[in-house]
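The values are calculated or read from the model by the stated rules, or taken from the named source; none is laboratory data. Model, not experiment: these values are computed from the prediction. For neighbour counting, all protein chains shown are included, and Cβ atoms are generated from backbone atoms with ideal geometry for every residue, glycine included.
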Amino acid sequence: MTDQGININRFNQDFNALLAKCMNAKLKRKGTFWEPGDVGDTRLITPQDIIEKAIYSLANPVSAGIVKRAHQDCSRISRIGDIGAPGDALKRPHFYFRTNSQMQKDATLRLCVPNAFSDSPIDYRQNLWERLFARENEIAVERGHRGFMGKKNAMKISAFDRPREDLVSHTLNPRIACCDPKLMRKEKKALRAFRRAYREARAAWLQGDRSVLFPPGTWAMMFFHGAKTMTFKEDILIL
């Protein structure tokens, strides 16, 4: 996801809340839809990092043992062929919204080529195809004789099924991903500086200083409380 206007936090808030309400209505259930926890937004520093994370996401159905090839998956996932395409027109869910709802009746979802590859979209997609195919083969070898569930069996799973054992809790929630060690050290230093400046600004705010400037990338204090921030820079992590 490319966020050029510091909108990712508001997008996550609205999208996750609306999706949870729609799915609860469709499944006729109540209560919390999402597992509690922070959103896992990770900033990708280099073009290579973008490729790595794209392959990780595209190969998820294969890594989970559902299908042998990602394109066989029956769920609504990102597909390489959709990147740079005109997009799909999606209709407003009738089971949640009223017929006279102010929400628009349809919207077009387009997957755009990341800015780092905008000059060579065909090469970008071809690179993804080749890397994904190689990753799928690696996973097949790793799984050995365990095989895959298959599309038909996956379609039989109830939305109310749950694992027999409790899921392992993951404590890692990285904010940065970078394959270049030197750049990674630089980004970590910038992140520490941001957090330090944020703590100092927040402490001043709690003492009643409403003129204090929060570091670039601050969102919650600005959006919910009207706090002021320094001039935004493109290379600042949004938190």
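Checking the range 124-144 against the condition returns a match, with at least one residue being at positive phi and of a type in the set (Gly, Ala, Ser). So residue 91 fits all but one of (1) free of Cβ contacts under 8 Å to residues at least 40 places away in the same chain; (2) surrounded by 14 or more Cβ atoms within 10 Å (Cβ to Cβ); what number is the exception? So the condition that residue 91 fails would be (2). When the range 22-49 is filtered for residues that are exposed (fewer than 12 other Cβ atoms within 10 Å of the Cβ) and out of contact with any helix residue (DSSP H, G or I) (no Cβ under 9 Å at 6 or more places or on another chain), the ones remaining, listed by number, are 28, 35, 36, 37, 38, 40. Taken across the range 196-207, residues that are modelled with pLDDT under 95 and over 22 Å from the mean Cα position of the chain (by Cα) do not occur at all. Of the helices (runs of 4 or more DSSP H) that lie entirely inside the range 1-67, those containing 2 or more residues that are hydroxyl-bearing (Ser, Thr, Tyr) span 47-58. Here residue 84 qualifies as in contact with a Pro (Cβ under 7 Å, 6 or more places away or on another chain) and not hydrophobic (A, V, I, L, M, F, W, C).
Of all residues in the range 105-134, those satisfying the criterion of being surrounded by fewer than 16 Cβ atoms within 10 Å (Cβ to Cβ) and among the hydroxyl-bearing types (Ser, Thr, Tyr) are 108, 118, 120. Sort through 101, 57, 63, 78 and tell me the only one that's over 21 Å from the mean Cα position of the chain (by Cα) and either free of Cβ contacts under 8 Å to residues at least 12 places away in the same chain or closer than 30 Å to residue 181 by Cα (or both). The match here is 101.
Would you be able to say whether some residue in the range 74-95 is of a type in the set (D, E, K, R) and closer than 24 Å to residue 174 by Cα? The answer is no; no qualifying residue exists. State yes or no: is residue 172 within 26 Å of the chain's Cα centre (by Cα) and in contact (Cβ under 8 Å) with a residue 24 or more places away in the chain? In short, no.
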